[in-house]
Amino acid sequence: MKEGVPAIARNAFDTANVSAPKAVSRPWPPRSRAWWAVGIFCVVGTLSYTDRQILSLLVEPLRRDLGLSDVQMGLLQGLAFALIYSVAGIPLGRLADKWSRRSILMAGVLIWSLATVGCGLASGFWALFLARVLVGVGEATLAPAAISMIGDLFPPHRRGIAVSIFMMGLCVGAGVALGAGGALLQSAEHGTFSILPIVGGFRPWRIVLLALALPGALVIMLLATMREPARRGSLEDAAMVTSTFDALRVLARHGRVVGPMWGAMAFMSAGDFSLLNWTPALLERVYHQSASSVGSTLGLSAVLGGVFGTLMSGLLSDRMARTRGHQYRSYISAVLAVLSSGAAAIAIERGGAALVLGCFTLWTMMSWGAQSAGIAAMQEAIPNEVRGMSIACMAFFNMIFGLTFGTLITAALTEHVFHDPLALGRSLAIVVAPSALAAAALYFWSARAIAAQPAVGFR
């Protein structure tokens, strides 16, 4: 596999060969080292989601300054990011199963931080589209590498809470994009940065994007402090897993588990991105709230709901997996998906601003909890050698279906079906409620499939 790779490049990566012995009895890494790594993943996830979601707060300023339509904003938030994120994720997931995951993460943070600078300097739709594509390239490295490492850092009975803490960083990032982004936008609008050379004369939304790119350097330094964990476990035919096609074939053998799981997460992702990308615009258009006020309130709601949901789900799923069986992680995801649908989604269109905020918080709590438990279940049901690929495939469906469908269809319903910008709440309800119910059915299906097979990830 490595004949064409120069020796110096091979030495730069802490590779874990797929032909490792079948049984690995080495002790688990020290708890302090494992939790330090998860803490770093949480911080990286926060930055990732902040840079990913910040455009949701800047919809109205971008529309005014660059003359963009709702559909173009849907493309920038959806297709521009999702297209490359999903396509690049497959080879990057394969790299995460072969090469140094820490090095891959460091390169990814550098790419998406520079691309965020590009977003802040963009002069029109196509320049902004290209910059968003590059953000997707960098961020596609995160989930496959981080979740693969968690499987090598923690024994099975602690993976649920470890995955949840990583996921907590992502949901905090969504809140930071709204909260910190709103505060930065308000400061920029009040002229706080006007004394700075060059950037002081920029439009407020440009200053926000440039400021959010700066923490990338600090995150890269944090990643440099952690060690790459040794890979654990092996397939009986591990020596045959030498290509992306081989890895996909291994995943296909576990299709009864991973197929429904990928589908469930894609449907929940459609609801997630629909709400994250369009609730700020709903509150501004229909309820006449300012962008900075929307950022603060939704940001706090996203953080509180996401943190509570992920931690609750991680602790509960670990307990249920120990006492009842690892398939109960997926049952928990199914229940949480049901709770996030129905009245919460419908009330978005029916209620006032306070009810919209409450529904947003409830969805955030249940959705993040469902995804955390689901990822832990999936990682226990598949071999170590394809964990990175499994997360890359999950991200592929989340992006292609979830982000694109949730963001773009919501905009298309508003603009081309209802022909009324004030009907945005109705469009949200139509996308969100059915997505959650479909996800619940698929999570239940995956739980039944997990119960029928041994937990290959329990080692």
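The values are calculated or read from the model by the stated rules, or taken from the named source; none is laboratory data. Note that this is a predicted model, so its numbers are computed, not measured. A quick note on method: Cβ atoms are made from the backbone with ideal geometry, for glycine too, and the neighbour counts reach across all protein chains shown.
Miscellaneous remarks
- Contact map, segment 30-53: residues that are within 19 Å of LEU218 (Cβ to Cβ) paired with residues that are not in a helix (DSSP H, G or I), Cβ distance under 7 Å, separation 6+ or inter-chain. Pairs shown: TRP36/MET226; ALA37/MET226; ILE40/MET226; LEU47/PRO215.
- One residue from SER390, SER333 being at pLDDT 85 or above, touching a Pro at 6+ places or on another chain (Cβ under 9 Å) and either part of a helix (DSSP H, G or I) or farther than 22 Å from ALA247 by Cβ (or both): SER390
- Going through (1) in contact (Cβ under 8 Å) with a residue 12 or more places away in the chain; (2) over 18 Å from ILE375 (Cβ atoms) one by one, ASP420 falls short only on (1).
- Which listed residue, of ALA411, ALA439, ALA447, ALA395, is of a type in the set (A, V, I, L, M, F, W, C), surrounded by 19 or more Cβ atoms within 10 Å (Cβ to Cβ) and touching an Asp or Glu at 6+ places or on another chain (Cβ under 6 Å): ALA411
- All told, GLU380 meets the bar of being closer than 18 Å to ILE450 by Cβ, modelled with pLDDT under 90 and in a helix (DSSP H, G or I).
- Within segment 143-155, the set of residues being touching a helix residue (DSSP H, G or I) at 6+ places or on another chain (Cβ under 7 Å) and assigned to a helix (DSSP H, G or I) comprises ALA143, PRO144, ALA145, ALA146, ILE147, SER148, MET149, ILE150, GLY151, LEU153.
- Filter result for the condition that a residue is assigned to a helix (DSSP H, G or I), among the hydroxyl-bearing types (Ser, Thr, Tyr) and in contact with a Phe, Trp or Tyr (Cβ under 8 Å, 6 or more places away or on another chain), over SER32, SER48: SER48
- Applying a threshold of 9 Å to beta carbon distances and a minimum spacing of six or more residues, or different chains, the list of pairs starting in segment 73-85 at a residue that is closer than 12 Å to GLY138 by Cα and β-branched (Val, Ile, Thr) and ending at one that is at pLDDT 80 or above and assigned to a helix (DSSP H, G or I) reads ILE84/ARG132; ILE84/VAL133; ILE84/LEU134; ILE84/VAL135; ILE84/GLY136; ILE84/VAL137.
- Set side by side, the residues GLY78, GLY67 differ, and just one is within 20 Å of LEU209 (Cβ to Cβ), within 18 Å of the chain's Cα centre (by Cα) and either surrounded by fewer than 23 Cβ atoms within 10 Å (Cβ to Cβ) or modelled with pLDDT under 80 (or both), which is GLY78.
- Residue that is surrounded by the most Cβ atoms within 10 Å (Cβ to Cβ), among those in segment 191-207 that are modelled with pLDDT under 80 and assigned to a loop (DSSP other than H, G, I, E, B): PHE193
- In summary, LEU178 fulfils each of the numbered conditions (1) hydrophobic (A, V, I, L, M, F, W, C); (2) modelled with pLDDT of 80 or more; (3) more than 30 Å from GLN327 (Cα to Cα) with the single exception of condition (2).
- Residues that are in contact (Cβ under 8 Å) with a residue 60 or more places away in the chain and not in a helix (DSSP H, G or I), drawn from segment 99-142: TRP99, SER100, ALA140
- Considering segment 307-342, and only residues there that are within 20 Å of ALA433 (Cβ to Cβ) and of a type in the set (Gly, Ala, Ser), the residue that is surrounded by the most Cβ atoms within 10 Å (Cβ to Cβ) turns out to be SER333.
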